[in-house]
1. Starting from the Cα of Lys45, step 7 Å toward the Cβ, then list every residue of segment 67-105 with an amide N under 19 Å from that point.
2. About its Cα centre, how strong a charge dipole does segment 169-266 have in debye, to the nearest 20, once Lys and Arg get +1 and Asp and Glu get -1 at the Cβ?
3. Using Cα atoms only, what is the angle between the long axis of helix 133-168 and the major principal axis of the chain, expressed in degrees (0 to 90) to the nearest 10?
4. Averaging over every viewing direction, what projected area does the convex hull of the Cα atoms of the chain cover, in nm²?
5. Between Tyr321 and Lys118, what is 0.36 nm times their sequence separation minus the Cα-Cα distance? Round to one decimal in nm.
6. For segment 245-291, which chymotrypsin sites (Phe, Trp or Tyr not before Pro) pass both filters: DSSP loop (anything but H, G, I, E, B) and at most 13 other C-beta atoms within 10 Å?
7. At most 13 other Cβ atoms within 10 Å plus a DSSP loop assignment makes a site exposed; report the longest stretch of the chain without any exposed GluC sites (Glu not before Pro).
8. If the cut-off is 29 Å between C-alpha atoms, which lysines fall inside it for Lys282, apart from same-chain ones fewer than 8 positions away?
Amino acid sequence: MVEVEYVKVKSVIYKVGMMEKVMVMMEMAVDDYAIDEKCNLYYKKSTSDRIEAKCGMEGCKWRIYASLDKDSGRFIVKTFKNVHTCSWNCKIRLLTARKIAHLILDDLRADSDLNARKIKKMLLSKYSVVITKTKCQKAREIGLKIIEEEHAEQFARMYDYVLELRQSNPGSTVILGTQNDVFQKFYICFNALKDGWKMSCRPILHLDGTFLRGWMKDELLTAVGRDANDQMYHVAWAIVDVENKINWEWFLTLLVDDLNLGVGQGFTMVSDQQKGLIQAMKNILPYAEHRICAKHIYENWKKKHKGSENRISFWKTAKAYNQVVFDKCLEDLKILSPTVHEDLMRYSIFHWSRCSFTEFAKCDAVENNMGEAFNSTITDAREKPIVEMLETIRRQVITKFDATD
Ligand SMILES: [Zn+2]
């Protein structure tokens, strides 16, 4: 046995004599070392029973050698000369295109348009390493292939997941939409949530849409209700490729069916100014009241009309409880500035002014905080692959109900 020496690789300490379960892990440790310690290593040997890595700089004697111990089936580090006499030249020979692909995988998942030039720049700033554009291009192709395989695997799991949901939750609406065997959309409304909403919630739903950050660039649509205690009540959620009129119509049609909303008589929806939603609402729920989050209207309006005086006037107007107070607020706005008043009147008062709201919903909220609150509770879930993400949301919703029982 050689004398014990150490090399710190991330949070793990590797030392001579330490056994590695598999050759891959051993190689990964050496890769990490080269990246972390910034040295130009290469593999002199890398087989299923032997690994030898050396420093590629002239005259430098750094070397690690490990071989498979046949009795234990593990790799044992036999030689480790952890001294560099070289200086860093921003190159790491052992970084093959495949290894670079794994380094950039998360970035590629977030942005599939990441090109070779951007990858080269990113590797330089993140790891101080210079990689040729050709190698970056190759790494990109490998990375995209890996992501594609991940998608296929996740998608295959979706069929089983949907089947399991249907079998263990009879009466639930679980829809998986595909086109040419490619995932297109997903919708779920559990039977228990449908019944609970119909029996005990106010006739109001908060809608919201949010981007997913994981393997898909899709969007999550959610519908959240209010129970008798004015607490958040999750009703349904869906994944669509893009937020537009067609997808909102699809989501609303399923919701209408699940919750018996008819044409929307005596029913209220609250949303932000999502793409295509206003028109979809008009088509699917023509008789429903549609409130638009006053905070979003204010954000748009204030782009032209900044300042605390405008802000106070806006909220006083939006939150006015009766027509007399509302009219007075509008008059005051006109006095403040005719353009301020005119620009606010571009938004239908039925969308944002409390005194214009119907009484059916038994709710005077002028903002869509509840819809947004749901999305903020699932921040971590949004980054996961699709099945894990849907399971995390389901568990979160169920846990909440268990806690409030
Ligand atoms: Zn060296």
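1. Hits in segment 67-105 for Lys45 at 19 Å: 67-82, 94.
2. 120
3. Taking the Cα atoms of the chain, the angle to 133-168 is about 50 degrees.
4. 28.0
5. 67.6 nm is the gain from fully extending Tyr321 to Lys118.
6. Those that pass, being in a loop and sparsely packed, are Tyr287.
7. 59-358
8. Candidates past the 8-residue exclusion: Lys185, Lys194, Lys198, Lys217, Lys245, Lys295, Lys302, Lys303, Lys304, Lys316, Lys319, Lys362.
Values quoted throughout were computed directly from the atomic coordinates according to the rules given, and no laboratory measurement underlies them. All figures in this text were calculated on a predicted structure; none of them were measured in a lab. Note: ideal-geometry Cβ built from the backbone for every residue, glycine included; neighbour counts use all protein chains shown.
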